[in-house]
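The values are calculated or read from the model by the stated rules, or taken from the named source; none is laboratory data. Being a predicted model, the structure only gives us computed values, none of them experimental. Note that each Cβ is placed from the backbone with ideal geometry, even for glycine, and that neighbours are counted across all protein chains shown. The protein model used for the area step is the full one, side chains on, heavy atoms only, and it has no ligands, DNA or RNA in it. Shrake-Rupley method; radii C 1.70, N 1.55, O 1.52, S 1.80 Å.
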Amino acid sequence: MIHKPLHLTHYSMINALGTGQAASLQALLDSRSGLSQADYPRCTLPTWIGRVAGVEQAALEPSFQQFDCRNNRLARLGLLADGFAQAVAAARERYGAGRIGVFIGTSTSGIAATEEAYFTADPESGEFDVGYDYLHTHNLYSVTDFVRQFLGLTGPALTISTACSSSAKVFATANRYIAAGWCDAAVVGGVDSLCLTTLYGFNSLELVSAQPCRPWGAGRDGINIGEAAAFALLETERGSERDIALLGYGESSDAYHMSTPHPQGEGAQLAMRLALQCAGLRPEQVDYINLHGTATPSNDRSEDHAVNAVFGTALACSSTKGWTGHTLGAAGITEALFCCLSIQHKFAPGTLNTSERDPELVVPVLLENREQCVDIAMSNSFGFGGTNCSLIFGRQC
Amino acid sequence: MRFYVKGVGLVAPGLASWQEGRAVLAGQLPYQAQPLAAFSSTLLPPNERRRTTTLIKLALRVAEDALQGYPGSPVELASVFSSAEGDAEVADKICRTLLMPDRPVSPTQFHNSVHNAAAGYWAIASGSRCCSTSIAAGRESFSLGLMEAVSVALQSQQDVMLLAYDSPLPPPLQGRGYVDAPFAVALIISAQAGTGAWIEIGMTMTGERCTQPVLSMELQALRMTNPAAASLPLLALLAAGNAGTVSLPCGAECSLKLEVRPC
C-alpha cells in the first residue's frame, strides 16, 4: 500500500517527437507522429522507427568518455532537457547527495556498442576495437551509473530491467525506498536506444510492422520500435500547486508464457486492480488510461479483455505508441509523463495511425484527441516474461 | 528495520547446495572448488525447460534449493532477481547471429535475452503472479537486491524470494565484466517471524563499515569472482548459526549493516 503520494516535482523527456516536454506536447496536440522509415545503420528491415535526431552529434563530456554509447548519450540529452539536471542539483543541496536514490529502467542499455564491436572485430584475431568498453556501455548498470555520476548523487542506485515494464516499475521501487527511509527523494528514469538486437529480435517473433503501427486497429500487424529517455524527480512534498503525484501502482506477473501475454490479460487485470487499491480509487474515478497498446494482435487483444474486465467500456483510453513508437525500457516513464501532460493540459490523446478499430475489440479507444478534464490517469506497461505494471497519477487534493 | 529468513539457497563451484555448503561456510570443512554437476529443473515443464540457458538454469537451481524446507508455497512468493551481467551468453549468440546475412536471430534467443527472462521462467515454474522485479547494480547487485526484497516484504506483507546470480561472460567478453565464476544465492525472507523463520536480521543503511566474519583465503578469493558472492560473509554467519554483524557496501558512500540473530 502506498504510504503517501509522491510528487513529480520536475520531469523531462526526449523521444522521436523532439527534445523536452514542449516538443512532445505540441506533437500530441497536433496529432503529428515522430515515426519515420527505418534508416538505422546495418538495419535493412522494412519498418518504421521512432528515432531521436542529433544523438550522433551529442558527444559526452571528456570525463565521461568511458560511458560513450548511444544509450548514455540519449540519457544525457534527457537529463539536460527541461532544466532537469539543474532541478536535481538544487534538490541535492536540500537533501544531500546521498539521500536521493536513482532508479533507471532500460531493456538493452548500451548493447549497440557490443554489436558494433563484433562488426568491427579484427577478422584474423577476433580482437575487439581497443576503445570498446563493455562494462561502461553494454552492462545494464551502465546507464544508472552514468546518470548517478552525471547528477553527482551518491545514494542507492540500481537498474530495473524487466523488458517493457522497466521504467514503470522504477516508480514502485522508488516509493518503497523512500518509505523504507533509504532515501528522501528519487530520480526515476527510463532510457532505451535503437539497436539491431531489438529490431531483428522482435522481427524474428513476427511482431514488427512494416507500416506505422496501428494500436487497436483492424488488421494491425505489430510494433514500431522507438528510442527515448525520460526522467522524473520524486519528492514527498509538492513543489507547486500544479504538481502531479503518483497516487498508486500495481505490479504482477502473468506466469503464462515468455513472449505472449495471457489471453484474457489476467496478470494485467491484477496489476490494474492492485494500482486502484493502492491509490484507494474505484475504477470509475479514472478519467483516462494510456494503454500499453503496442499494436501487436496479441497484446491489444489481451489488454482489451483486461481493461474491459476492470473498467468496462465507458472510459477514455488510447495508445500513444503511434507518436513515439514502442520505446521498450523507456516506455513506462515516457507514457507516464504523457499522462501528466494530459492532466496538466486537459486533453486525452487519440490513437495515432489507427483509422478503424478492430471490431473484435470492445474497448472504444479514442482515435482522435479529445479535450477533457483529466484529473486521474492510469498508465499500463506490460513486458516479455509476463511482467505487468500499472501506475496511477493525479493531482493530490 | 527487521526481517526474517525462512530459506537459503546456494549454488557455486564446490558449494553445490546450501546443505552441502554449510559446513564449509561454517569453517568446519576446507573449501575446494569443484565444477557444478548438470541440473534439470523439477518445477519447469519440459517444453520450457529445454529453452533455458546456463544462467536461467543457475537461477532456477538456486531457487529450488532455497525452497527445500520452506514451509510455504512458491505460488505465493513475490521475487527479486538480481544479476550484475544478465545473460551475456545469449547476448554473444545474438551478436554473432547479427553478423550473418539476413541476421537470423532466433525468437527463443531473443525472449531469453531480456534481463527478466529467469524471472519469467520462474513465474511459469512456480505459478506465482506476485510482484517480481529484475535488477542490476554492478558490484552491489546483492545488497541492492536485498534492499528491494526487504522493501517488498515490508510493503506487501508477503514472503519474498531474493535471488542473486551470475554466470561468467563467454569467451569473447571474458574479463570485461564483473564475473569470473558462477555463483548464486537465494534468500526467502519475510517481514514477520512465523512458521519457518529461523534467523532474524536487523538492517540499517549507514555510512560506516564494521568488522566482518573472517573468511578463509579460498572463500575470500571466491568472493572476488562474482557480485553474488558478496553475500558470503552473511552466509558464513547463517551457516554457523551464530549471531553477528555484517556490513555490505550498497552504494558509493553507503553500507548495509546486518545484525544477525538466530531465532
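A convex hull fitted to the Cα coordinates of the stretch A:183-274 yields 185 cubic angstrom per residue. Remark: spin-label model distance A:Q372-A:R282 equals 1.8 nm, labels positioned 7 Å along the Cα→Cβ axis. Our summary of shape: the Cα atoms of the stretch B:45-127 have principal axis extents of 52, 27, 17 Å, ordered from largest down, in whole angstrom. Ligands, DNA and RNA left out, the 1.4 Å accessible surface of the protein assembly as shown is 49% carbon and sulfur atoms. Straight Cα distances below 20 angstrom link A:K4 to the aspartates and glutamates A:D184, A:E235, A:E237, A:E241, A:D243, A:E251, A:D375, B:E148, with same-chain residues fewer than 8 positions distant left out.
For the stretch B:5-146, the solvent-accessible area of protein heavy atoms averages 36 Å² per residue (probe radius 1.4 Å; ligands and nucleic acids excluded). If you run the Gaussian network model on chain B, springs between alpha carbon atoms under 10 Å, then out of B:A252, B:A239, B:A123 the most flexible one is B:A252. Rg and Dmax of the stretch B:1-55, both derived from C-alpha coordinates alone, stand at 14.9, 42 Å.
With n ≥ 4 as the cut-off for DSSP H runs, can you work out [θ] at 222 nm for the protein assembly as shown, using -39500 (n - 2.57) per run divided by the number of residues, rounded to the nearest 500?
-9500 deg cm²/dmol
In this structure, the amide hydrogen of B:V8, modeled 1.01 Å from its nitrogen in the peptide plane, lies closer than 5 angstrom to those of B:I188, counting only residues at least 5 positions away or on a different chain.
Among B:A240, B:A16, B:A191, the largest mean-square fluctuation in a Gaussian network model of chain B, built with springs joining Cα atoms closer than 10 Å, belongs to B:A240. Distance between the C-alpha centres of the stretch A:97-163 and the stretch A:197-240: 21 Å, rounded to the whole angstrom. B:K257 sits with roughly 60 Å² accessible to a 1.4 Å probe, with DNA, RNA and ligands left out of the calculation. A dipole drawn for chain A from +1 and -1 charges on Cβ atoms has a positive end, and of A:C340, A:G190, A:N139 the residue lying farthest that way is A:C340.
Binning all Cα-Cα separations of the stretch B:97-240 at 5 Å, short to long from zero, yields these whole-percent fractions: 2, 8, 14, 18, 19, 16, 11, 7, 3, 2, 1, 0. What percent antiparallel are the DSSP beta bridges of the protein assembly as shown, to the nearest 5? Here the antiparallel bridges make up roughly 70 percent for the protein assembly as shown.
For the pair B:Q157 and B:M217, a Förster radius of 25 Å applied to the C-beta separation gives a FRET efficiency near 0.05, rounded to the nearest 0.05. Straight-line cross-link partners of B:K93 among the lysines, defined as a Cα under 18 Å from its Cα and at least 8 positions apart when in the same chain: B:K57.
Distance from the C-alpha centroid of the stretch A:349-397 to that of the stretch B:1-49: 45 Å, rounded to the whole angstrom. Average accessible surface for chain A: 31 Å² per residue, computed with a 1.4 Å probe over protein heavy atoms with every protein chain in place.
Distance from the alpha carbon centroid of the stretch B:88-111 to that of the stretch A:284-328 works out to 31 angstrom. Taking a point 7 Å out from the Cα of B:R261 in the direction of its Cβ, none of the residues of the stretch B:145-169 has a backbone N less than 16 Å from it.
The orientation-averaged shadow of the Cα convex hull for the protein assembly as shown, equal to a quarter of the hull surface, comes to 26.1 nm².
Pairing chains B and A buries close to 4900 square angstrom of accessible surface in total, based on protein heavy atoms and a 1.4 angstrom probe.
Applying the Karplus relation 6.51 cos²θ - 1.76 cosθ + 1.60 with θ = phi - 60° to the stretch A:313-330 yields 3J(HN,Hα) values of 10, 9, 10, 6, 8, 6, 10, 9, 5, x, 8, 10, x, 8, 8, 6, x, 9 Hz, where x marks Gly and Pro.
GNM on chain A, alpha-carbon springs under 10 angstrom: the most fluctuating residue among A:G267, A:G96, A:G325 is A:G96.
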